[in-house]
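A.B. asks: To start, I am sharing the structure in question, which I have written as structure tokens.
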Amino acid sequence: MQKENSLAMFEKEPIVKLLLKFALPAIASMVVNSIYNIVDQIFIGQGVGMLGNAATNLTFPLVTFSMALSTMIADGCVAYFSIKLGQKRTDEATRTMGNGITVALMAGLFLTLFMELFLKSILLLCGGNKVNPITL
């Protein structure tokens, strides 16, 4: 019964209301993440100093790439999920979410292993050859 009510929301609610309901928490999380990054840089600058700020800025492209990869997987999964819900194929929609979680976990593990193996080369590509060797 609960499943029927939650799916009915997508059929009966206006798109603008649904968009606000789901977009506002996503926007809020991005704002909080940005504030966290700013405050983190302030604390690192005060505690470690200039080299700490340089080191975290050097790794920022890796964090951005990780977020882009996870967003790509999530957006693709949600789009396919929505299509299947619109076609009233809830069993396929459920499998889609399970597969999406599995793909996200596998991508995270692969990315972790890849970055662990090639971290120094990746950091050099991100501008590590232009920084103090201590920072690298």
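A.B. asks: Count, please, the residues in region 109-136 that happen to be in contact (Cβ under 8 Å) with a residue 40 or more places away in the chain and assigned to a helix (DSSP H, G or I).
C.D. replies: 5
A.B. asks: What about VAL63, is it closer than 20 Å to SER34 by Cβ and either more than 16 Å from the chain's Cα centre (by Cα) or modelled with pLDDT under 90 (or both)?
C.D. replies: yes
Residue by residue, here is whether (1) touching a strand residue (DSSP E or B) at 6+ places or on another chain (Cβ under 6 Å); (2) more than 29 Å from CYS126 (Cα to Cα); (3) surrounded by 10 or more Cβ atoms within 10 Å (Cβ to Cβ); (4) of a type in the set (A, V, I, L, M) holds:
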| position | (1), (2), (3), (4) |
| --- | --- |
| VAL39 | no, no, yes, yes |
| MET50 | no, no, yes, yes |
| ASN53 | no, no, yes, no |
| ARG89 | no, yes, yes, no |
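A.B. asks: Are any of the residues in region 92-112 surrounded by 11 or more Cβ atoms within 10 Å (Cβ to Cβ), among the acidic types (Asp, Glu) and over 24 Å from PHE22 (Cα atoms)?
C.D. replies: There is no residue in region 92-112 that is surrounded by 11 or more Cβ atoms within 10 Å (Cβ to Cβ), among the acidic types (Asp, Glu) and over 24 Å from PHE22 (Cα atoms).
A.B. asks: A follow-up question, please. Identify the single condition in (1) among the acidic types (Asp, Glu); (2) in contact with a helix residue (DSSP H, G or I) (Cβ under 9 Å, 6 or more places away or on another chain); (3) within 30 Å of GLY127 (Cβ to Cβ) that ASP75 does not satisfy, given that it satisfies every other one.
C.D. replies: If we test ASP75 against (1) among the acidic types (Asp, Glu); (2) in contact with a helix residue (DSSP H, G or I) (Cβ under 9 Å, 6 or more places away or on another chain); (3) within 30 Å of GLY127 (Cβ to Cβ), just (2) comes out false.
The values are calculated or read from the model by the stated rules, or taken from the named source; none is laboratory data. In this text, all values refer to a predicted model and were calculated from it rather than measured experimentally. All Cβ positions, even for glycine, are placed from backbone atoms using ideal geometry, and neighbour counts span all protein chains on display.
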